[in-house]
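Undergrad: Got a structure for you, questions after.
Values in this text are rule-based calculations from the coordinates and carry no lab data. Nothing here was measured: the structure is a model prediction, and the numbers come from that model. Glycine gets a Cβ as well: all are built from the backbone with ideal geometry, and neighbour counts include every protein chain shown.
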Amino acid sequence: MTVQEKALEVIRRLKEEYPATHCTLDYKDAWQLLVSVRLAAQCTDRRVNIVMQDLLEKYPSVETLAAADPSDIEKVVRPCGLGHSKARDISACMKVLRDQYGGRVPEDFNALLKLPGVGRKSANLIMGDVFGKPAIVTDTHCIRLSNRIGLVDNIKEPAKVERALRKIIPPEEGNDFCHRLVDHGRAVCTARNPECQKCCLADLCTYAEDRRGSKT
């Protein structure tokens, strides 16, 4: 089986296992997802969703958030950790959206990358979830599972994993595939003690095969 064939089979099985996948960050507008993704660095999506409720209650629009003092934003987002840098980036990003884009999030990958605090992972998430464009979101689950399964070969750098996956994942499948990797990474293929015995991918997975070999 080639790596391309393996990728298609992994996609098929994950679709069966997690048919109704979606982004676990709550949002109504693109700018809200942009803020949530920045808050999600080294923080759980569950906590981000709670903090975002407080943030949106106080600052319900791009304009109000852009006009806020970063120190006031920091007071609200502190529970997500790294409050100072996150508040600074959110403030700067909202100012750019207000001043250059009329309060809207640009539908262009390179324009997204120029926004303060926005990296490739965030830009891909926006492109895929908001605009329905081809996207590969290389979060920790994506990187861990792609290496374990054998879709990439010992590659840990997010940008390199993204490039490798784009070669083998059909563009129309990329966004939901990455969401399903998150689903599977949380439910079965956890960072510690993955439950290979109940994994729908065990017979395809390089990591599971190595574990079986070590027990013989």
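Undergrad: Full extension from R46 to L8: what is 0.36 nm times the residue separation minus their Cα-Cα distance, to one decimal in nm?
TA: Computed gain between R46 and L8 is 10.6 nm.
Undergrad: Now for a separate question. At what distance in nm do the modelled label points of H22 and R163 sit from each other, each positioned 7 Å from its Cα along Cα→Cβ?
TA: 3.5 nm
Undergrad: In the structure displayed, which of K28/K58; K75/K156; K133/K167; K6/K160 lie more than 22 Å apart, Cα to Cα? Provide the component values of the computation, followed by the final result.
TA: Numbers: K28/K58 16 Å; K75/K156 34 Å; K133/K167 16 Å; K6/K160 19 Å.
Beyond 22 Å: K75/K156.
Undergrad: I've got another one for you. Out of the GluC sites (Glu not before Pro) in segment 150-214, which ones are loop residues according to DSSP with at most 13 other C-beta atoms within 10 Å?
TA: E195
Undergrad: What distance in nm lies between label points placed 7 Å from Cα along the C-beta direction at Y101 and K133?
TA: My value for the distance between the label points is 1.0 nm.
Undergrad: Could I ask something else about it? Tell me the trypsin sites (Lys or Arg not before Pro) within segment 93-140 that lie in a loop according to DSSP and have at most 16 other beta-carbon atoms within 10 Å. Don't jump to the answer; show the numbers that get you there.
TA: Details: sites: K95, R98, R104, K114, R120, K121; in loops: R104, K114.
Loop-located and lightly packed - R104, K114.
Undergrad: By the scheme Lys and Arg +1, Asp and Glu -1, what is the net charge of all other residues having a beta-carbon under 14 Å from that of A111?
TA: So the environment of A111 carries a net charge of +1.
Undergrad: Going by how many other beta carbons lie within 10 Å of each one, how would you line up D69, D183, D26, D54, fewest first?
TA: Details: D69 10, D183 19, D26 16, D54 13.
By the 10 Å Cβ count, ascending, the order reads D69, D54, D26, D183.
Undergrad: Please list, in order along segment 161-174, the HN-Hα scalar couplings obtained from phi with the Karplus expression 6.51 cos²θ - 1.76 cosθ + 1.60 (θ = phi - 60°), rounded to whole Hz, x for Gly and Pro.
TA: Listing the rounded values in order: 5, 4, 4, 5, 5, 4, 6, 10, 9, x, x, 6, 9, x Hz.
Undergrad: Additional query: What does segment 90-207 give for Rg and for Dmax, in Å, if only its C-alpha atoms count?
TA: 16.2, 53
Undergrad: Treating each Cα of segment 30-130 as an identical point scatterer and ignoring solvent, apply the Debye formula and state log10 I(q)/I(0) at q = 0.13, 0.18, 0.19 Å⁻¹.
TA: -0.38, -0.76, -0.86
Undergrad: Could you give me the ³J(HN,Hα) list for segment 31-37, computed from phi with Karplus coefficients 6.51, -1.76, 1.60 and θ = phi - 60°, whole Hz, x at Gly and Pro?
TA: For segment 31-37, the Karplus-derived couplings read 5, 5, 5, 4, 5, 4, 5 Hz, x marking Gly and Pro.
Undergrad: When the Cα centres of segment 74-100 and segment 127-199 are compared, how far apart do they sit, in Å?
TA: 28 Å
Undergrad: Using the Karplus equation 6.51 cos²θ - 1.76 cosθ + 1.60 (θ = phi - 60°), what ³J(HN,Hα) coupling, rounded to whole Hz, does each residue of segment 72-85 give in order, writing x for Gly and Pro?
TA: Couplings: 6, 4, 4, 4, 7, 8, 3, x, 7, x, 6, x, 5, 5 Hz.
Undergrad: I would also like to ask the following. Per DSSP H run of n ≥ 4, the term is -39500 (n - 2.57); total these for the chain, divide by its residue number, and report the mean residue ellipticity at 222 nm rounded to 500 deg cm²/dmol. All intermediate terms of the calculation are to be shown ahead of the outcome.
TA: Values: 12 runs with 125 residues, N = 216.
After summing the helix terms and dividing by the residues of the chain, the value is -17000 deg cm²/dmol.
Undergrad: So for the chain, averaging the separation of alpha carbon pairs under 8 Å that are six or more residues apart and normalising by length, what relative contact order in percent results? Numbers along the way, then the final one.
TA: Working: 249 pairs, mean separation 45.9, N = 216.
Reported as a whole number, the value is 21 percent.
Undergrad: Find the cysteines in the chain that fail to meet the 4.7 Å Cβ criterion with every other cysteine, and list them.
TA: Result for the chain is C23, C93, C142, C178, C189, C196, C199, C200, C205, no neighbouring Cys Cβ within the cutoff.
Undergrad: Work out, step by step, the length gained on full extension between C200 and A111: first 0.36 nm times the residue separation, then minus their alpha carbon distance; give nm to one decimal. Mind dumping the intermediate values first?
TA: Details: separation 89, 0.36 × 89 = 32.04 nm, distance 3.86 nm.
Net length gain for the segment: 28.2 nm.
Undergrad: Got a sec? Charge dipole of the chain, +1 on Cβ for Lys and Arg, -1 for Asp and Glu; which of L39, A159, G132 is way out at the positive end?
TA: In the chain, that residue is A159.
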